[in-house]
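Enquirer: Starting off with a structure, shown below.
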Amino acid sequence: MSPVWQVDVITTFPESFGGFLDVSLLGKARAAGTVDVRIHNLRDWAEPPHRVTDDYAYGGGPGMVLKAEPIVAAVEELRGSDGRVVLLTPQGEPLTQARVSALAARPHVILICGRYEGVDERVRTLVVDEEISVGDYVLSGGEVAAMVVIDAAARLVPGVVGDAASLVGESHAEGRLSHPQFTRPEELRGQRVPPVLLSGHHARIERWRRAQALHRTQRRRADLLEGRELSAEERQLMAEFPPCETEAPGS
């Protein structure tokens, strides 16, 4: 049986992915054959005998640059007919839930892990389909970013999460943050679980959760609501259910 989702990762540090691939949902999905993640050492496509993958930058400057030839050769060998090639770089487009969903819907994704001062610019023009950044900060390399992409996308692949309904209402799944969550005990150091969650009134609980998700998004990530008007129903929900007591003002 062919995997639902195949990922090829091109990296100069393949050992970085050891434990990550074998635990939790991803480990189970790989064992079941639903997700197939293959880690490739970029040095396998570099010229022998030294297998060098980086060189000094033309024009001078500090640091090294990943060479174009081995990356291009690796992509051309791995791409096949349906591979979507992604370069992980701080210069890329921000990783969003919509972008994650798009990658999860593709049967085959190739992730290129950047390193050092970046990659030879010709890699972008010759083989890259899109560039992704996991945040406005700089990592030592693209390996951690690749893990973020794999983890975020794999859980959206059909069959990876057993209860697919649990994906609904998650933070960013519907363009807003998730609602507060509680479990036992009912009281902890003077803070009690909101009574509505103990009521057994499922329709009211759902309304409360939607209201709290909106309150939390408005307080913490108002940017997610920019560009759209709250509906009359949403405004009514927020008026009916004030912010949860654990949602401190300004948090």
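The values are calculated or read from the model by the stated rules, or taken from the named source; none is laboratory data. Computed from a prediction, not measured in an experiment: that's the story for all the values here. Neighbour counts are summed over all protein chains in view; Cβ atoms, including those assigned to glycine, are modelled from backbone coordinates with ideal geometry. Side chains are part of the model used for accessible areas, which takes the heavy atoms of the whole protein and leaves out ligands, DNA and RNA. Shrake-Rupley method; radii C 1.70, N 1.55, O 1.52, S 1.80 Å.
Enquirer: For the stretch 90-155, what does the relative contact order come out to in percent, with C-alpha contacts under 8 Å and a separation of six or more? Intermediate values should be presented prior to the final figure.
Expert: Numbers: 51 pairs, mean separation 36.3, N = 66.
The value is 55 percent.
Enquirer: Normalised by the number of residues in the chain, what is the relative contact order in percent for Cα pairs under 8 Å and 6+ residues apart? Walk me through the numbers before you get to the answer.
Expert: Numbers: 365 pairs, mean separation 44.2, N = 251.
Once divided by the residue count of the chain, the mean separation gives 18 percent.
Enquirer: Taking the Cα centroid of the stretch 113-139 and of the stretch 204-229, what is the distance between the two, rounded to the nearest whole Å?
Expert: 34 Å
Enquirer: Within a Cβ distance under 13 Å of His108, other residues only, what is the Lys/Arg minus Asp/Glu net charge?
Expert: On the way: positive: Arg38, Arg79, Arg84, Arg106; negative: Asp8, Asp36, Asp82, Asp129.
Once positives and negatives cancel, what remains is 0.
Enquirer: For the chain, rounded, prolate or oblate, judged on the Cα gyration tensor with a ≥ b ≥ c (square roots of eigenvalues), a/c < 1.5 rounded, else prolate if a/b > b/c? All intermediate terms of the calculation are to be shown ahead of the outcome.
Expert: Details: a/c = 2.61, a/b = 2.05, b/c = 1.27.
Prolate, because a/c is 1.5 or more and a/b exceeds b/c.
Enquirer: Is the stretch 46-145 best put as rounded, prolate or oblate by its Cα gyration tensor, with a ≥ b ≥ c the root eigenvalues, rounded for a/c under 1.5, and otherwise prolate when a/b is larger than b/c, oblate when not? Numbers along the way, then the final one.
Expert: Numbers: a/c = 2.33, a/b = 1.31, b/c = 1.78.
Since a/c reaches 1.5 but b/c is at least a/b, the shape of the stretch 46-145 is classed as oblate.
Enquirer: Return the percentage of antiparallel bridges among DSSP beta bridges fully within the stretch 1-137, rounded to the nearest 5 %. Provide the component values of the computation, followed by the final result.
Expert: On the way: 3 of 26 bridges.
Looking only at bridges with both residues in the stretch 1-137, the antiparallel portion is about 10 percent.
Enquirer: Another question about this same structure. In the stretch 9-72, what trypsin sites (Lys or Arg not before Pro) fall in a loop by DSSP, with at most 14 other Cβ atoms inside 10 Å?
Expert: Values: sites: Lys28, Arg30, Arg38, Arg43, Arg51, Lys67; in loops: Arg51, Lys67.
Sites meeting the loop and neighbour criteria: Arg51.
Enquirer: Work out the FRET efficiency for Arg220 and Lys28 from their Cβ-Cβ distance, taking R0 = 22 Å, and round it to the nearest 0.05.
Expert: Working: r = 32 Å, r/R0 = 1.44.
Efficiency at R0 = 22 Å is approximately 0.10.
Enquirer: Roughly how many debye, to the nearest 20, is the charge dipole of the stretch 1-154 about its Cα centre, given +1 on each Lys and Arg Cβ, -1 on each Asp and Glu Cβ, and no other charges?
Expert: Working: 13 positive and 22 negative charges, 75 e Å.
Taking the Cα centre of the stretch 1-154 as origin, the dipole is about 360 debye.
Enquirer: At 0.36 nm per residue, and after removing the present C-alpha to C-alpha distance, how many nm does the segment from Leu198 to Gln181 gain when stretched out fully?
Expert: Working: separation 17, 0.36 × 17 = 6.12 nm, distance 1.26 nm.
Additional length available on full extension: 4.9 nm.
Enquirer: Using the Cα centre of the stretch 1-50 as the reference point, and only Cβ charges (+1 on K/R, -1 on D/E), how large is the resulting charge dipole? Debye, rounded to the nearest 20. List each step's numbers first, then the result.
Expert: Working: 4 positive and 6 negative charges, 40 e Å.
Computed about the Cα centre, the dipole is about 200 debye.
Enquirer: Starting from the stretch 18-67, pick out the chymotrypsin sites (Phe, Trp or Tyr not before Pro) whose DSSP state is loop and whose Cβ has at most 15 other Cβ atoms within 10 Å. Each step should come with its number before you reach the end.
Expert: Details: sites: Phe20, Trp45, Tyr56, Tyr58; in loops: Tyr58.
Filter output for the stretch 18-67: Tyr58.
Enquirer: Also: Tell me the accessible surface of Cys244 in square angstrom (1.4 angstrom probe, heavy atoms of protein chains only), to the nearest ten.
Expert: 10 Å²
Enquirer: When all protein chains stay in place, what accessible area (Å², nearest 10, 1.4 Å probe) is found for His201?
Expert: Only protein atoms counted, so the area is about 100 Å².
Enquirer: How much mean residue ellipticity at 222 nm does the chain get from its helices, if each DSSP H run of length 4 or more adds -39500 (n - 2.57) and you divide by all residues, to the nearest 500 deg cm²/dmol?
Expert: Numbers: 7 runs with 76 residues, N = 251.
When only DSSP H runs of four or more count, the value is -9000 deg cm²/dmol.
Enquirer: Taking the dipole about the Cα centre of the chain, with the C-beta of Lys and Arg at +1 and of Asp and Glu at -1, give me whichever of Pro195, Met64, Pro48 is farthest to the positive side.
Expert: About the Cα centre, the residue reaching furthest to the positive side is Pro195.
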